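*Asks:* Please find one structure pasted underneath; my questions will follow.
Values quoted throughout were computed directly from the atomic coordinates according to the rules given, and no laboratory measurement underlies them. From a predicted model like this one, the values you see are computed outputs, not experimental measurements. Cβ sites come from the backbone with ideal geometry, for glycine too, and all protein chains shown count toward neighbours.
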Amino acid sequence: MPIVTLPDSSTREYSDGVTVSEVAHDIGPGLGKATIAGLVDGVEVDSEFRIQKDSSLEIITERSEAGLAIIRHSTAHLMAMAVKQLFPDAQVTIGPVIDNGFYYDFAYKRAFLPDDLNAIEERMKELVEQDHKISREQWCRNDAEVFFLDIGEDYKAEIIKSIPKNEVISLYKQGSFVDLCRGPHVPSTSHLRWFKLTNVSTAFWRADSSRETLVRIYGMCYASKEDLQARETLLREAAKRDHRKLGKDLQLFH
């Protein structure tokens, strides 16, 4: 009978194990709908994580910094899913959260073009509307390595080899897409609406210039349409300022 202690020190007792999402819905339907993850005894977990013992719990929604980071990480996975659907021969490597968004590196035979980015972004929007459930599975290390090798994801198999032996190997599934990740992630793709793919660059695998050259796709992501639009406005204004400055600098040479 776990007792869950909330941030205001109030407690709720349950007759059996209870998920973060179930506690949130118990507190209120609005909070339940807004929940994307939880902080259980100081550890970030998915909303479907089951609490089996007395624990502290903080609900994570998109309005918090932690929630926004989870949304950005999940959007990187969404982009990788779209890339794999459009470019099946591409291999996924790593896709971390960065300031204002995320990136994901891919091993592919050529650079992605602006038209490719438009197609990827449109496919991402379709996947959002399809509302794919995102679920976590814990795998045996050897099974996970063999799985990724079998589907042609050699970089993921290499990453598994570098994970310390005492760490859990977890995979996340959304639709037919499977990725190696510690998590947590949002409950489904419908939570990932406010993003924009911005540019492409090159990178080296493991940041080692002697290793393979990868294609990196950057994106920005926010929890609301207003925040995304505000960021886009700032970028446009900065581009205009840079253009005007360039024009003035060029005039000095005439």
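*Asks:* With each pseudo-label sitting 7 Å past Cα toward Cβ, what's the GLU126-VAL168 distance in nm, one decimal?
*Replies:* It works out to 3.4 nm between the two label points.
*Asks:* Scan around GLU212 for amide H atoms under 5 Å from its own, H built in the peptide plane at 1.01 Å from N, and keep only partners 5 or more places away or cross-chain.
*Replies:* Under 5 Å from the amide H of GLU212 lie the amide H atoms of TRP205, each far enough along the sequence or on another chain.
*Asks:* What is the extension gain from LYS225 to ASP143, computed as 0.36 nm multiplied by their sequence separation minus the C-alpha to C-alpha distance, in nm to one decimal? It would help to have the intermediate numbers written out before the result.
*Replies:* Values: separation 82, 0.36 × 82 = 29.52 nm, distance 4.07 nm.
Net length gain for the segment: 25.5 nm.
*Asks:* Still on this structure, I have one more. Using packing as a proxy for protection, rank 156-168, 25-37 so that the peptide with the highest average count of other Cβ atoms within 10 Å comes first. Intermediate results must be reported in sequence, preceding the final value.
*Replies:* Values: 156-168: 11.8, 25-37: 16.8.
With the highest mean Cβ count within 10 Å placed first, the list reads 25-37, 156-168.
*Asks:* Please report, in whole Å, how far the alpha carbons of the stretch 1-60 spread along each principal axis, starting with the longest.
*Replies:* Result for the stretch 1-60: principal-axis Cα extents of 25, 21, 21 Å.
*Asks:* In addition: With only Lys, Arg, Asp and Glu charged, each at its Cβ (+1 for the first two, -1 for the last two), find how big the charge dipole of the stretch 137-215 is about the Cα centre; round to the nearest 20 debye. Write down the numbers at each step before the final one.
*Replies:* Numbers: 10 positive and 11 negative charges, 75 e Å.
It works out to roughly 360 debye.
*Asks:* Report ³J(HN,Hα) in whole Hz for each residue of the stretch 195-210, in order, from the Karplus equation J = 6.51 cos²θ - 1.76 cosθ + 1.60 where θ = phi - 60°; Gly and Pro get x.
*Replies:* Values per residue, Gly and Pro as x: 9, 8, 6, 10, 6, 10, 9, 9, 8, 10, 4, 6, 6, 10, 5, 8 Hz.
*Asks:* As a check on your grasp of the helix formula, calculate [θ] at 222 nm for the chain: sum -39500 (n - 2.57) over DSSP H runs of n ≥ 4, divide by the residue count, round to the nearest 500. Numbers along the way, then the final one.
*Replies:* On the way: 7 runs with 99 residues, N = 254.
Mean residue ellipticity, 222 nm, calculated: -12500 deg cm²/dmol.
*Asks:* If you don't mind, another one. Could you grab the relative contact order for the stretch 7-55? Cα pairs under 8 Å, six or more apart, rounded to a whole percent. Numbers along the way, then the final one.
*Replies:* Details: 50 pairs, mean separation 18.8, N = 49.
Answer for the stretch 7-55 is 38 percent.
*Asks:* Obtain the nm distance between the two label points defined at PHE204 and ASP89 by a simple spin-label model: each point lies 7 Å from its Cα along the Cα-to-C-beta direction.
*Replies:* So the label points at PHE204 and ASP89 sit 2.6 nm apart.
*Asks:* Rounded to the nearest Å, what's the spacing between the alpha carbon centres of the stretch 193-224 and the stretch 1-47? Just the number, please.
*Replies:* Each part's Cα centre sits 34 Å from the other's.
*Asks:* Dividing the alpha-carbon radius of gyration of the stretch 118-201 by 2.2 N^0.38 Å (N being the number of residues), what value is obtained?
*Replies:* Working: Rg = 14.7 Å, N = 84, 2.2 N^0.38 = 11.8 Å.
My calculation over the Cα atoms of the stretch 118-201 gives 1.24.
*Asks:* Sticking with this structure for a sec: Compare the peptides 108-121, 192-205, 171-184 by average per-residue count of other Cβ atoms within 10 angstrom and give them in order, highest first. Let's see the in-between values first.
*Replies:* Values: 108-121: 14.0, 192-205: 16.9, 171-184: 18.4.
For the peptides 108-121, 192-205, 171-184, the packing ranking is 171-184, 192-205, 108-121.
*Asks:* In straight Cα distance, which aspartates and glutamates are under 20 Å from LYS53, not counting same-chain residues fewer than 8 positions off?
*Replies:* Those aspartates and glutamates meeting the cut-off are ASP8, GLU13, ASP16, GLU22, ASP26, ASP41, GLU44.
*Asks:* Just to be sure I understand the rule: take each whole DSSP H helix in the chain, project its Cα atoms onto its long axis, keep it if the span is 15 Å or more and its mean Kyte-Doolittle hydropathy is at least 0.0. Which ones pass? Before the final figure, lay out each step's value.
*Replies:* Numbers: long enough: 65-86 (32 Å, 0.62); 114-130 (24 Å, -1.06); 225-251 (39 Å, -1.54).
Helix filter hits for the chain: 65-86.
*Asks:* Rounded to the nearest 0.05, what FRET efficiency is calculated for ALA119 and HIS25 with R0 set to 41 Å and r the Cβ-Cβ distance? Walk me through the numbers before you get to the answer.
*Replies:* Details: r = 38 Å, r/R0 = 0.92.
E between ALA119 and HIS25, to the nearest 0.05, is 0.65.
*Asks:* For the stretch 40-121, what D do you get in µm² per second when you plug the Kirkwood radius from alpha-carbon pairs into Stokes-Einstein at 10 °C and 1.306 mPa s?
*Replies:* On the way: Rh = 14.9 Å.
Result for D is 107 µm²/s.
*Asks:* List every residue whose amide H lies under 5 Å from the amide H of PHE49, counting only residues 5 or more places away in sequence or on a different chain, with H placed 1.01 Å from N in the peptide plane.
*Replies:* The list, which skips near neighbours in sequence, is VAL20, SER21.
*Asks:* List the residues of the stretch 197-231 whose backbone N lies under 20 Å from a point placed 7 Å from the Cα of LYS240 along the Cα-to-Cβ direction.
*Replies:* Counting backbone N atoms under 20 Å from the label point, the list is 226-231.
*Asks:* Something else about it: If you wrap a convex hull around the C-alpha atoms of the chain and split its volume per residue, what is the figure in Å³?
*Replies:* Values: hull volume 42.3 nm³, N = 254.
Taking the convex hull of the Cα positions in the chain, it is 166 Å³ per residue.
*Asks:* How do the peptides 212-222, 140-150 rank, highest first, by the average count of neighbouring beta carbon atoms within 10 Å per residue? It would help to have the intermediate numbers written out before the result.
*Replies:* On the way: 212-222: 20.5, 140-150: 14.9.
Taking the mean over residues of other Cβ atoms within 10 Å, the ranking is 212-222, 140-150.
*Asks:* So, one more: What is the ratio of the Cα radius of gyration of the stretch 1-147 to 2.2 N^0.38 Å, with N the residue count, to two decimals?
*Replies:* Numbers: Rg = 18.5 Å, N = 147, 2.2 N^0.38 = 14.7 Å.
Normalised Rg, Cα atoms only: 1.26.
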